[in-house]
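Worksheet: the structure to be examined is printed underneath.
Every number in this text was worked out from the coordinates using simple rules, so none of it is lab data. Quantities reported herein were computed from a predicted structural model and do not represent experimental measurements. Here Cβ is always computed from backbone atoms with ideal geometry, including for glycine, and neighbour counts include all displayed protein chains.
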Amino acid sequence: MAIEKTMSLLTAVFLSTALAGVAGAQNFPNRPLRLVVPFSAGGAADVPGRILTQKMSEALGHQVVVDNRPGAGSTIGAESVAKAPPDGYNLLMISNTHFVSAALYKKLSYDSVGDFAPITQVTSAPNVIVVHPSLPAKSVKELIALAKAQPGKIDYASSGNGSTQHLTGALFTKMAGIDMVHIPYRGSGPATADLLSGQVTVGFPGIAGMLPQIKAGKLRALAVTSAKRSPELPDVPTVAQAGVKGYDVTAWFGIAAPKGTPRDVVMKLHTEILHIVKTPEVQKQLLNAGQEVAWQETPEQFGEMLKVEAAKWARMVAESGAQVN
């Protein structure tokens, strides 16, 4: 009799837990969500973030707001999500910068892989080497020649220590055998402003925010950093094509939640986001912003990608010689 009562109690607990999980999935969300973009407004990460949150708000029936938290190579924003309640209401726009920073900053309060629940990748895009028109370099070869003739005299801007822009520039200078001075800013916005004014003359930003300036002639595009040319800048060569053999740096953005977020909530977010990024309208919007849509069919596949990316960017940081300064 005691055994039967115990089994009945265990069965009741199991069923109540299962039903609670179903109810949780059905009731989520019941209030606004927050997407932390760990970069400044107007930058490469901000563009897909705002396109996505607008469509997510419509799909989920509750507002999804962008919360820009720039600084320290995206670690400030990442930390805020890692320590947030794991309920699906706090999301992170995660990128390769997340893993660059994990290799550069030795005392982070979170694990760059283990403290996050992966949802899906959403975009992929190269960066672009741009120069201010005042700099007499119209190709990568001319930029390298100019830098070799003036070692330590040419500055390059980045969106901050530990950012993809920082690593992209550091790896370029190492592989090209040149000495340029890294000038870190607090986000892409301030870095772009000083590039446009000529305060600094070289940058390695994402294409997303650069297309209008390039097309207007305010900045000159020398090369894209990926292995293949960008459909938005078809006449601009890759860095490898321009003479730095083997160079390939591609940025990406995705969505993650805090570790411990219920799987049914993760799956609901995954399903809604994939539905959004697969629509021609959103694909066109992102392509116009210089980014191509990319996704994984399951959160687990994205999780495997994150493990690979963590190892890859740690290796690239070591090879580039990049340091937080």
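Structure notes:
- Reciprocal of mean inverse Cα separation for the range 216-295 (Kirkwood radius, Å): 15.3 Å
- Karplus (6.51, -1.76, 1.60) ³J(HN,Hα), θ = phi - 60°, over the range 72-88, in Hz, Gly and Pro reported as x: 6, x, 6, 6, 5, x, 4, 4, 5, 7, 4, 9, 7, x, x, 10, x
- Helix axis angle, 46-60 relative to the chain longest principal axis, alpha carbon, degrees: 20 degrees
- Convex hull volume per residue in cubic angstrom - Cα atoms of the range 174-325: 152 Å³
- Of (1) 64, 46, 42; (2) 90, 40, 29; (3) 66, 54, 36, the label for Cα extents along the principal axes in Å derived from the coordinates: (2)
- Remark: the range 172-243 is approximated by an ellipsoid whose semi-axes, taken from the C-alpha gyration tensor as √(5λ), come to 20, 17, 10 Å, largest first.
- Amide H partners (placed H, <5 Å) of residue 34, local residues excluded: 65, 90, 91
- Relative contact order, whole percent, for the range 128-224 stands at 46, derived from Cα pairs under 8 Å and 6 or more residues apart.
- Cβ crowding within 10 Å averaged over residues, with 33-44, 262-273 ranked highest first: 33-44, 262-273
- Against the chain, whose longest principal axis is taken from its Cα atoms, helix 299-320 shows a tilt of about 30°.
- Percent antiparallel among DSSP beta bridges (both partners in the range 128-224, rounded to 5): 50 percent
- Folded to 0 to 90 degrees: helix 164-176 orientation relative to the chain principal axis, Cα: 40 degrees
- Ranked 173, 250, criterion: other C-beta atoms within 10 Å, fewest first: 250, 173
- If you take the Cα centroid of the range 161-197 and the Cα centroid of the range 271-308, the two points sit 27 Å apart.
- Amide hydrogen proximity for residue 251: with H placed 1.01 Å from N in the peptide plane, the residues at 5 or more positions away or on another chain lying under 5 Å are 125, 127.
- Our analysis of the range 128-224 gives Rg over Rh at 0.92, with the two radii drawn from alpha carbon positions and Rh computed by the Kirkwood formula.
- With a Förster radius of 45 Å applied to the beta-carbon distance between residue 279 and residue 193, the computed FRET efficiency rounds to 0.85.
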